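Report on the structure given below.
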Amino acid sequence: MSIIFDKEHNLFHLKSEGFSYIMQVLDIGYLTHLYWGKPIRNFSSFHKSLHDAHVNLDALAQEYAVYGTGDFRTPTLEVQQENGSTVGELKYVSHVIMNGKPSIAPLPSTYIEVPEEADSLIITLADQASGLTVELTYTVYQALNVLTRSAKLINKRTDGEYLKVGRALSFCIDYEHSNYELLQLSGAWCREKHIYRRELVPGLQSVDSKRGFSSHQQSPFIALTSKNTTEKNGEVYGFNLVYSGSFLAEVEVDQFYSARVQMGINPFDFAWVLKAGESLQTPEVVMVYSDKGLGQMSRTYHRLYRKRLCRGLYRDTERPILINNWEATYFNFTETKIEEIATTGKELGMELFVLDDGWFGKRDSDNCSLGDWIVDKKKLPNGLDTLAQNIVNKDIRFGLWFEPEMISPDSDLYREHPDWCLHVPERTPMSTPSQRNQLVLDLSQEEVCNKVIDMLSNILSTAPISYVKWDMNRPLTDMGSAKLAKEQQREIAHRYVLGLYHILETITTKFPNVLFESCASGGGRFDPGMLYYMPQTWTSDDTDAVERLKIQYGTSLVSPAITMGSHISASPNHQVGRTTSLDFRGHVAMAGNFGYELDLTKFSEEEKELVKSQVAFYKTIRPIIQFGDQYRLLSPFEDNQTAWMYVNEDQTEAVVFFYRVLSKPHTLFTKLKLDGLNPFYNYQINDSDVILGGDELMDSGILPENLHGDFASCCWKLKAVKCCKE
Ligand code: DGJ
């Protein structure tokens, strides 16, 4: 059992192979945080004797902080009673320790397959005066080295009065000191997940999304790192919220230089009416401690997300190499053109053709037809099913693009149901070009969710579709729902996410053989909430290989390569106009879930041969990339060079990519030190006669060769040839 309760001292010890997490219930009932870090053998000495008179709530390390009784830091919870009071005081009531992990459905979360994989602790706290009960759930994945937390609020009043929840974050943790840096992943459309680090300073520092989805601008992930933490050294505390809506992640450094970290549903424009007997479940946060730098933290997230967040048939299946027509044709295509692209893709070894936007309604641009999911016979005169069947007959699978959460003002659906979009009475909802001329369906309405489910079910069951690209191209504005009472209007953003999760659960259960890829103008919703339903995400609309180095590097902090859609597109690149070689683009795209997104029919025979060899090569390294451990070697945020590598579980195979952005005069190449290999194994390099020891490759390194000009790259494939354990 990885959770121990010391009854004598009222101490909880949550322990995995790589960390200890210790809490105590004080004599006066407060639950206090004592320690999170390297594993501790004897924990009784952590016990504190604090009595009423000695407790300074403003200095007490809390596990779930409330407002109004003496803790003046930002609370985790804020609840208003019908009498107007927002004062709260949570005290211990009881706890339960169990094997396994309780589900927090309807919210997504990490899961277990057998109870032995994890142990859970549920601590019940209550505020006697308001009738609010809070259940804190902690789960320890013993072998995977992960702690998860979430909270559930329950209105236990017996007089029927409601409670108005203004803030209900998922967790709180108070650190003794603030001698850390805050790491965040921030960006913009086409510039997702760039890494930023800053020192903590007194006061609040936060990242959030108010956009209704997790967003391009900020990610629901932060880490506290000890100063000078690198890939291999330093302490890291990672926090990743399994949620796809508006979120808040904040760190507050107080007068004693202690640091409070909290994360959860964004309290901005949020108010939830909790009627007597009702409960509100907060999203799960996945907490990873690493004493060996950022690399170890990422590999821990990767293993958990690959094995116990992603689900379904494709979780353990190599993902198909796809060819998508978006950057080849945009909205302008014919049936013949589509079939030609698919046929060429098949000839070059690709396994899945994806028909992107523009196949339905009268969608020749982005200003109409979302909601009218009926094939456009002008473009596809023989219908969708015939096209799909023709493509499948060529022995390449068929996938289709949808944007199910949206509705165009110029659509029959909107003309029929103007109340189905998010909007406020007396205001015209915004659908400007920057919002892609479209409106958002009000997924807080059950009827609307059912319509989306019916539409998708009909299409997916009438054509041989084995992949869906689920797009979402604008933030949520005009937060108003025709169906919710006025005092519940500030519940909409969260209800939207719940509606979306309901649709996704229904559709993915109904169509277990379909591979789903999520997309929100690229990586605008690349978060663990979406990965629970769809095991891969389109990483960015920026397909330029140089830009992708940073985007993929930052994304890899939390998300494994198998989840990262990564395609070769045309050169000059459509987003930034840069010209790069097919080789360079290939090496960048292969460091993920590989595909193409260009007009293959325009390629010369020579280019086609190169593509064919790229596809064949990727197939040989695919299991290593998609199921192996990733080691980041050189950061594009620090240098002109980037490198990363992937090693299979038994360390017998590895693949290394090295990229140099600009060529510079008088540059001596230095050896690249590898990582994650077995020092006692010898590795054959690129099927050649060169055989080098794992120790040599990691301690001395390997020299990048034959690099000419800007945007140059190389790749080594390593295979253990014999073991020489000494
Ligand atoms: C945004 C996506 O990120 C693109 O890949 C493409 O599918 C377009 N939408 C289509 O409208």
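Some values worked out for this structure:
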{"quantity": "From Tyr631, Tyr618, residue being in a strand (DSSP E or B) and open to solvent by less than 40 Å² (accessible area, probe 1.4 Å)", "calculated": "Tyr631"}
{"quantity": "Residue count for segment 644-671, restricted to those that are small (Gly, Ala, Ser) and surrounded by fewer than 23 Cβ atoms within 10 Å (Cβ to Cβ)", "calculated": "1"}
{"quantity": "Residue, modelled with the lowest pLDDT, within segment 682-706, restricted to residues that are open to solvent by less than 20 Å² (accessible area, probe 1.4 Å) and at negative phi", "calculated": "Pro704"}
{"quantity": "Test: residue in segment 352-375 that is within 19 Å of Leu456 (Cα to Cα), β-branched (Val, Ile, Thr) and within 16 Å of the ligand (Cβ to nearest atom)", "calculated": "yes"}
{"quantity": "Residues within segment 553-586 that are within 21 Å of Trp470 (Cα to Cα) and away from the ligand (no atom under 16 Å from the Cβ), tallied", "calculated": "4"}
{"quantity": "Residue satisfying condition, being among the aliphatic types (A, V, I, L, M) and either closer than 29 Å to Ser604 by Cβ or assigned to a loop (DSSP other than H, G, I, E, B) (or both), within set Leu400, Leu370, Leu384, Leu413", "calculated": "Leu370"}
{"quantity": "Subset of segment 329-342 that is open to solvent by 20 Å² or more (accessible area, probe 1.4 Å) and within 16 Å of the ligand (Cβ to nearest atom) - its residue that is nearest to the chain's Cα centre (by Cα)", "calculated": "Tyr330"}
{"quantity": "Residue within segment 375-389 that is more than 30 Å from the chain's Cα centre (by Cα) and over 30 Å from Lys451 (Cα atoms) present", "calculated": "no"}
{"quantity": "All positions within segment 355-364 that are in a loop (DSSP other than H, G, I, E, B) and within 30 Å of the chain's Cα centre (by Cα)", "calculated": "Asp356, Asp357, Gly358, Trp359"}
{"quantity": "Strands (runs of 3 or more DSSP E) (entirely within segment 8-62) containing at least 1 residues that are without any contact (Cβ under 8 Å) to a residue 24 or more places away in the chain", "calculated": "20-25, 31-37"}
{"quantity": "Among (1) out of contact with any Asp or Glu (no Cβ under 6 Å at 6 or more places or on another chain); (2) part of a loop (DSSP other than H, G, I, E, B); (3) within 14 Å of the ligand (Cβ to nearest atom), the one test that Met472 misses", "calculated": "(1)"}
{"quantity": "Boolean, Lys378 is surrounded by fewer than 20 Cβ atoms within 10 Å (Cβ to Cβ), more than 16 Å from the ligand (Cβ to nearest atom) and part of a loop (DSSP other than H, G, I, E, B)", "calculated": "yes"}
{"quantity": "Qualifying residue in segment 303-325 (condition: closer than 30 Å to Pro409 by Cα and either crowded, with 23+ Cβ neighbours inside 10 Å or touching a strand residue (DSSP E or B) at 6+ places or on another chain (Cβ under 6 Å) (or both))", "calculated": "yes"}
{"quantity": "Any hit, segment 567-575, residues being open to solvent by 10 Å² or more (accessible area, probe 1.4 Å) and touching a Cys at 6+ places or on another chain (Cβ under 7 Å)", "calculated": "yes"}
{"quantity": "Restricting segment 510-552 to residues that are part of a loop (DSSP other than H, G, I, E, B) and within 12 Å of the chain's Cα centre (by Cα), the residue that is farthest from the ligand (Cβ to nearest atom)", "calculated": "Pro535"}
{"quantity": "Those strands (runs of 3 or more DSSP E) lying entirely in segment 255-354 with at least 1 residues more than 29 Å from Ala616 (Cα to Cα)", "calculated": "259-265, 272-274, 279-281, 285-290"}
{"quantity": "Residue that is nearest to Pro283 (Cα to Cα), among those in segment 220-244 that are assigned to a strand (DSSP E or B) and touching a Ser or Thr at 6+ places or on another chain (Cβ under 7 Å)", "calculated": "Leu241"}
{"quantity": "Failed criterion for Ser215 (all others in (1) small (Gly, Ala, Ser); (2) under 16 Å from Asp527 (Cα atoms); (3) touching a Phe, Trp or Tyr at 6+ places or on another chain (Cβ under 8 Å) hold)", "calculated": "(3)"}
{"quantity": "Glu606 surrounded by fewer than 17 Cβ atoms within 10 Å (Cβ to Cβ), over 17 Å from Phe711 (Cα atoms) and touching a residue at least 12 places away in the same chain (Cβ under 8 Å)", "calculated": "no"}
{"quantity": "Residue in segment 416-437 that is nearest to the ligand (Cβ to nearest atom), counting only those that are modelled with pLDDT of 95 or more and not in a loop (DSSP other than H, G, I, E, B)", "calculated": "Cys421"}
{"quantity": "Criterion violated by Ala589 - all others in (1) more than 14 Å from the ligand (Cβ to nearest atom); (2) farther than 26 Å from Thr300 by Cβ; (3) aliphatic (A, V, I, L, M) satisfied", "calculated": "(2)"}
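The values are calculated or read from the model by the stated rules, or taken from the named source; none is laboratory data. Values in this document were obtained by computation on a predicted structure and should not be read as measured data. For neighbour counting, all protein chains shown are included, and Cβ atoms are generated from backbone atoms with ideal geometry for every residue, glycine included. Keep in mind that these areas ignore ligands, DNA and RNA; they rest on the heavy atoms of the full protein, side chains included. Shrake-Rupley method; radii C 1.70, N 1.55, O 1.52, S 1.80 Å.
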